[in-house]
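The values are calculated or read from the model by the stated rules, or taken from the named source; none is laboratory data. Owing to the predicted nature of the structure, the values given are computational and were not obtained by experimental measurement. Heads up, the Cβs are rebuilt from the backbone with ideal geometry, glycines too, and the neighbour counts pull from every protein chain shown.
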Amino acid sequence: MSDGIGARVKRKEDKRFITGKGKYTDDIRTENQAYAAFVRCPVAHAKINGINADAALAMEGVIAIHTGPEMKEDGIGDMITGWAITSKDGSPMNCGVWNPMVTTYGRYVGDAIAIVVAETQAQARAAAEAVELDYEELPATVFTGDALNDGAAQVHENVPGNMIYDWEIGDEAKANAGLANAHHVTELEMVNNRLSPNPMEPRSAVAIYDEAEDHYTLYTTSQNPHVARLVLSAFYNVAPEHKLRVIAPDVGGGFGSKIYIYPEEITCLWASMKTGRSVKWTSDRTEAFLTDAHGRDHVTKATMGFDADGRIVAFKTDTIANIGAYVSLFATVTPTYLHGTLLSGCYDMPAIYGNVKAVHTNTAPVDAYRGAGRPEATYTIERMMETAAREMGMDPAELRRKNFINEFPYQTEVILQYDSGDYHKLLDMAQKEADVAGFEARKAEAASRGKLRGIGYSTFVEACGLAPSAAVGSLGSAVGLWESAEVRVNPVGTIEILTGSHSHGQSHQTTFAQLAADRFGVPIDNVQVIHGDTDKVQFGMGTYGSRSGPVGMSAIMKALDKVEAKAKKIAAHTLEASEDDLVIENGEVKVAGTDKKMAWHEIGLAAYIAHNLPEGMEPGLKETAFFDPVNFSFPSGALICEVEVDPDTGVTEIVKFTAVDDFGTIINPMVVEGQVHGGVTQGIGQAMLEGVVHDESGQLLTASYMDYAMPRADDVPSYTLDHNSTPSPLNPLGIKGCGEAGAIGSPPAVINAITDAIGNNDLDMPATPSKVWAALQAVKPAMAAE
Amino acid sequence: MYDTNYHKPSSVADAVSALSGAEDGKVLAGGQTLLPTMKQHLAAPSDLVDIRAIPGMVGVDDDGDALTIGAATTHAEVAADPTVNAKLPGLAKLAGGIGDPAVRHMGTIGGSVANNDPAADYPAAVLGLGATVITSKREIAADDFFEGMFTTALEDDEIITAIRFPLASKAAYAKFPNPASRYAMAGVFVAESGGSVRVAVTGAGADGVFRHEGMENALSGQFSESALDYTDVDAGDMLSDLHGDGAYRANLVKVMAKRAVAKAG
């Protein structure tokens, strides 16, 4: 079957994307369109006494200007968080109140204070600038490492010491005992740099209130429109669910940042009701840098103990996680259950303890970003492994092999039970493909050209397929993380798959269609995938955490099972055969060993004409299924990065990057490779280029691409990729998920390679040329003088 | 972008008169800095005077001793010009390395020089080659033209019409791009002519493009990379920001100077 599972089917969505025919939220035009702009807090912390909008209201085209206190008066609810974390002393987490628009205090540069609605976008923006703000600037806490200091400015009055929670996982006493008896102890302090998500399409919302129907429609850049509708209805009191339709049309990338329901969407819906106009807001790039939820931002101290043979005896981490001024939707779970539970990595660790203190600062909210917690855990573990190997004089690959988990399922010391894997095979393959054996010769050759060559590893495991509903519920999640699907066979045999997953770059239109093409032997062009509209798809939990494969596709598989069963009943009845004798091949249902058969479209027709169905069978051929996973899935991989550093300038060139992954079953290798390319490139971005930087007062210094360095094509090499699949036994396809792996595994491989090249392990991300050069000077004082 | 009045004069005189008649007029050439700045509401000129339709503003003239390049000549045109490539290849290469293709096909030499962005490439060539800036009023030597970041000797109603570059026996530019913007973090233009060497540095200096006397002296004695070994770049005179401190930029200036010397051959 050329379009089935495992085929490199070209993307059905590419024609419209490549020819500029995609339809994004900002492309939506309505009849009574008005445009919104926001007045934002100009400083990191301020008491807002009020605004003077007289001049702005008098400007041409201005329709209305509204503020937070008015919204509060109208009963619009405060922003919520979706996951309650309990501190180690048993107390509930403590977070500051987040009003969609400021009621009293502005708490970061960009905090929304007022909405301006005008006839054109230019008029709205000009009027927003003309709104006068009466405010008193207050002291701000800006940096992660400062938030818990005595005397640090309080971000919220009700969060003493800026501490949201002080959470722990694992067994501290056991870890301490292990470290006390260790033959060798490795210690390292690391910063996991704060990142801006930078999807190609900035956030946008079109809110339409229909007064006659008392009904709202919201077009928005969302990774999970049903969750958006649920939250907007249940918590923000915008409208009940049946009177609110949320549509996420083509969405140009998310990387996590479009999971969350932001103040702007809520405010546009409310403003549409207030003004009787359709209200559109589209973020500009600097607004995106200021207000999209950032990622990462951990400061971690790690300690790892080894026995004389190099086996890990204990691992302990102490992390401060910056949550920003407000607690975004999944901000609390990212540094805890998506980070602490991965601290065992792919190693058999007998004792683990992780402590995470989450803090408020006067910066934009920080939430899940591609990988979400797992890159932070992987970076910590993999830098520790490399560091320990160097300190103990061991080969870093051998140290890993010595500690790899060998048997599955494997129960870690930190909640998770890994499903399957073969970590040795991945590392063996990666070493071969990276030609590790030839490294010393390449290093010598580079040295002859005055270049410093280094090699670095990262072997990782991550948890995907979020997530078993009951399990996450017991850990504090407010929602279940199943997925739903509906498969509709039309009377002519064409197939529509309705899914609660959302594609914003993941190629679902192609890969989901492959499942039906594979099952029924129909051409992929006869299969349409429908998603992203709460009026079309009954419900869905959306796309993040590499869940669309293991969870979303599993729901589709269950619905396909039901359709197949009914189709076989119809065929058996029509062909007067036993269902057990039927086989589906090349778009036909055949009675094995005979020439009796029905074409797929004949079955569709029979189901809908309903002249001759088995007794008691309802007409139609359409089935719905929900899939709730029994566990996470656990993709793993071995990455090897080889770099060449120019000691004169500190410029690092990645000369080779090898990634061998285990994603379980692969539906479309081309799409999976694309995901790895993108993920690894983002990881290289984090490792070498990207970083959100604030000044001491909390102003964002990296508010445009002039200062925030995104990876470009010439910053990354041509990747060497391979796979070794151990299918997950926990879902129908054996699929594990591939969307985040590249971003999770790659940063430590890059840093390990650079520190190997320069001979200085004291290096934080992003390893920019200036930092690499400075690190070189630190270990070569003689060179620095010259 | 705020509303603005757009003029497209067909002579330098008309352009000057449109500029002097405006409340807050600005010359528009390629618009690669001005228009983004206006879109971000960081500039709001009352009038834009587009000089690209003025005859003689585009092209390269070779009088045997110098190349005169019209102010509205784009970077792409300079990079591809056969005369520039034959007579001052270092200048053609510099132009071919500015920004990206879209910028190079719109941005102009006059616009870049008039704006005097501290990280722009052209000011290093103008100063390094000892060029002359020709305006609607006068001729200004490069040494007198650049007066610090975004500041030049140009008067409000004065328009650059061309730049005259004397030929050099050796000339080359090496730049270290900022990882984010790809503007120069340190760009060094070296030129040797009649035994005398000029070294101009862009991107790194705290006060915009500047000449480095120590390097000029060292290279005048011996035009070689090693001649630069014992020269000093004062870190205190360098920009220091999130992309690199003064010490790093000082190092880059020296490294780029050596690479420019190597390229110049």
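Scanning region A:435-467 for residues being closer than 20 Å to residue A:390 by Cα and not in a helix (DSSP H, G or I) gives a total of 9. Say whether the condition of being within 11 Å of another protein chain (Cβ to nearest Cβ) and surrounded by fewer than 22 Cβ atoms within 10 Å (Cβ to Cβ) is met by at least one residue in region A:715-735. The answer is yes; a qualifying residue exists. Taken together, A:587, A:545, A:552 contain a single residue that is at pLDDT below 95, touching a Phe, Trp or Tyr at 6+ places or on another chain (Cβ under 8 Å) and not basic (Lys, Arg), which is A:587. Please count how many residues of region A:736-773 are assigned to a helix (DSSP H, G or I), within 14 Å of chain B (Cβ to nearest Cβ) and in contact with a helix residue (DSSP H, G or I) (Cβ under 7 Å, 6 or more places away or on another chain). Of the residues in region A:736-773, 3 are assigned to a helix (DSSP H, G or I), within 14 Å of chain B (Cβ to nearest Cβ) and in contact with a helix residue (DSSP H, G or I) (Cβ under 7 Å, 6 or more places away or on another chain).
Considering region B:201-253 alone, what residues qualify as being of a type in the set (Ser, Thr, Tyr), outside any helix (DSSP H, G or I) and within 13 Å of chain A (Cβ to nearest Cβ)? Write out each step before concluding.
Going through region B:201-253, the residues of a type in the set (Ser, Thr, Tyr) turn out to be B:202, B:220, B:224, B:226, B:230-231, B:240, B:248.
Still in the running and outside any helix (DSSP H, G or I): B:202, B:224, B:230-231, B:240.
Result: B:230, B:231, B:240.
Just to be sure, is residue A:637 modelled with pLDDT of 95 or more, in the same structural domain as residue A:406 (by TED's automatic domain parsing), among the small types (Gly, Ala, Ser) and closer than 30 Å to residue A:251 by Cα? Walk me through how you get there before you give the answer.
Working: modelled with pLDDT of 95 or more: yes; in the same structural domain as residue A:406 (by TED's automatic domain parsing): yes; among the small types (Gly, Ala, Ser): yes; closer than 30 Å to residue A:251 by Cα: yes.
So residue A:637 passes the test.
Residues in region B:93-103 that are out of contact with any strand residue (DSSP E or B) (no Cβ under 6 Å at 6 or more places or on another chain) and crowded, with 22+ Cβ neighbours inside 10 Å were compared, and the one that is nearest to residue B:177 (Cα to Cα) is B:98. Of everything in region B:108-118 that is surrounded by 24 or more Cβ atoms within 10 Å (Cβ to Cβ) and touching a Gly at 6+ places or on another chain (Cβ under 7 Å), the residue that is farthest from residue B:158 (Cα to Cα) is B:108. Taking region A:478-489 as the range and being surrounded by fewer than 24 Cβ atoms within 10 Å (Cβ to Cβ) and either part of a loop (DSSP other than H, G, I, E, B) or touching a helix residue (DSSP H, G or I) at 6+ places or on another chain (Cβ under 8 Å) (or both) as the test, the residues that pass are A:478, A:479, A:480, A:481, A:482, A:486.
Residue B:1 falls short on exactly one of the conditions (1) more than 16 Å from residue B:113 (Cα to Cα); (2) part of a helix (DSSP H, G or I); (3) in contact with a helix residue (DSSP H, G or I) (Cβ under 9 Å, 6 or more places away or on another chain); (4) of a type in the set (A, V, I, L, M), and that condition is (2). You will find that of B:215, B:185, the residue that is surrounded by 14 or more Cβ atoms within 10 Å (Cβ to Cβ), in contact with a Gly (Cβ under 6 Å, 6 or more places away or on another chain) and aliphatic (A, V, I, L, M) is B:185 and no other.
Being in contact with a helix residue (DSSP H, G or I) (Cβ under 8 Å, 6 or more places away or on another chain) and not aromatic (Phe, Trp, Tyr) is the filter here; which residues of region A:27-52 pass it? Give the derivation first.
Looking only at region A:27-52, we keep the residues that are in contact with a helix residue (DSSP H, G or I) (Cβ under 8 Å, 6 or more places away or on another chain), and these are A:34-40.
Result: A:34, A:36, A:37, A:39, A:40.
Would you pick out the residues in region B:104-117 that are out of contact with any strand residue (DSSP E or B) (no Cβ under 7 Å at 6 or more places or on another chain) and in a loop (DSSP other than H, G, I, E, B)? Reasoning before the result, please.
As a first pass, look at region B:104-117 and keep what is out of contact with any strand residue (DSSP E or B) (no Cβ under 7 Å at 6 or more places or on another chain): B:111-112, B:115, B:117.
If the condition is that a residue be out of contact with any strand residue (DSSP E or B) (no Cβ under 7 Å at 6 or more places or on another chain) and in a loop (DSSP other than H, G, I, E, B), then B:117 is the only one that fits.
Identification of strands (runs of 3 or more DSSP E) wholly contained in region A:81-170 with 2 or more residues that are closer than 17 Å to residue A:321 by Cβ and within 27 Å of the chain's Cα centre (by Cα) yields A:163-170.
With the structure loaded, tell me whether residue A:280 is of a type in the set (D, E, K, R), assigned to a loop (DSSP other than H, G, I, E, B) and buried (at least 24 other Cβ atoms within 10 Å of the Cβ) or whether it fails that test. Show your work before the answer.
On the way: of a type in the set (D, E, K, R): yes; assigned to a loop (DSSP other than H, G, I, E, B): no; buried (at least 24 other Cβ atoms within 10 Å of the Cβ): yes.
Taking the combined requirement at face value, the residue does not satisfy it.
Candidates are the residues of region A:17-41 that are assigned to a loop (DSSP other than H, G, I, E, B) and over 29 Å from the mean Cα position of the chain (by Cα); the one that is surrounded by the most Cβ atoms within 10 Å (Cβ to Cβ) is A:30. Residues considered: A:653, A:623. Of these, the only one that is in a strand (DSSP E or B), within 14 Å of another protein chain (Cβ to nearest Cβ) and of a type in the set (D, E, K, R) is A:653.
One line per residue, one yes/no per condition, for (1) of a type in the set (Val, Ile, Thr); (2) free of Cβ contacts under 8 Å to residues at least 12 places away in the same chain:
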position	(1), (2)
B:62	no, no
B:67	no, no
B:72	no, no
B:78	yes, no
B:82	no, yes
B:87	no, no
B:98	yes, no
B:103	yes, no
B:107	no, no
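Could we say that residue B:153 is free of Cβ contacts under 8 Å to residues at least 60 places away in the same chain, in contact with a Leu (Cβ under 7 Å, 6 or more places away or on another chain) and not assigned by TED's automatic domain parsing to the domain that holds residue B:212 here? Before you say what the answer is, go through the steps one by one.
On the way: free of Cβ contacts under 8 Å to residues at least 60 places away in the same chain: yes; in contact with a Leu (Cβ under 7 Å, 6 or more places away or on another chain): no; not assigned by TED's automatic domain parsing to the domain that holds residue B:212: yes.
No, not satisfied.
Residues in region B:247-262 that are in contact (Cβ under 8 Å) with a residue 24 or more places away in the chain and touching a helix residue (DSSP H, G or I) at 6+ places or on another chain (Cβ under 7 Å): B:250, B:254, B:257, B:258, B:261, B:262.
Just one of A:106, A:75, A:82, A:90 is in contact with a helix residue (DSSP H, G or I) (Cβ under 9 Å, 6 or more places away or on another chain) and of a type outside the set (S, T, N, Q); which is it?
Numbers: A:106 fails: in contact with a helix residue (DSSP H, G or I) (Cβ under 9 Å, 6 or more places away or on another chain); A:75 fails: in contact with a helix residue (DSSP H, G or I) (Cβ under 9 Å, 6 or more places away or on another chain); A:90 fails: in contact with a helix residue (DSSP H, G or I) (Cβ under 9 Å, 6 or more places away or on another chain).
So the residue among A:106, A:75, A:82, A:90 that is in contact with a helix residue (DSSP H, G or I) (Cβ under 9 Å, 6 or more places away or on another chain) and of a type outside the set (S, T, N, Q) is A:82.
Could you go through region A:297-308 and let me know if any residue there is over 30 Å from residue A:231 (Cβ atoms) and in a loop (DSSP other than H, G, I, E, B).
We begin by selecting, within region A:297-308, every residue over 30 Å from residue A:231 (Cβ atoms); these are A:299-308.
Keeping just the survivors that are in a loop (DSSP other than H, G, I, E, B) gives A:307-308.
Yes: one or more hits.
Taking first residues from region A:233-253 that are part of a loop (DSSP other than H, G, I, E, B) and partners that are of a type in the set (A, V, I, L, M) and surrounded by fewer than 20 Cβ atoms within 10 Å (Cβ to Cβ), the Cβ contacts under 6 Å between residues at least 6 apart in sequence or on separate chains come to A:235/A:80; A:252/A:200; A:253/A:200.
Quick one: in region B:24-42, of everything that is under 19 Å from the mean Cα position of the chain (by Cα) and part of a strand (DSSP E or B), which residue is surrounded by the most Cβ atoms within 10 Å (Cβ to Cβ)? Checked region B:24-42; the qualifying residue surrounded by the most Cβ atoms within 10 Å (Cβ to Cβ) is B:27.
Yes or no: region A:701-709 includes at least one residue that is away from chain B (no Cβ under 14 Å), in contact with a helix residue (DSSP H, G or I) (Cβ under 9 Å, 6 or more places away or on another chain) and over 25 Å from residue A:418 (Cα atoms). Write out each step before concluding.
Taking region A:701-709 as the starting set, the residues that turn out to be away from chain B (no Cβ under 14 Å) are none.
Among the residues of region A:701-709, not one is away from chain B (no Cβ under 14 Å), in contact with a helix residue (DSSP H, G or I) (Cβ under 9 Å, 6 or more places away or on another chain) and over 25 Å from residue A:418 (Cα atoms), which makes the answer no.
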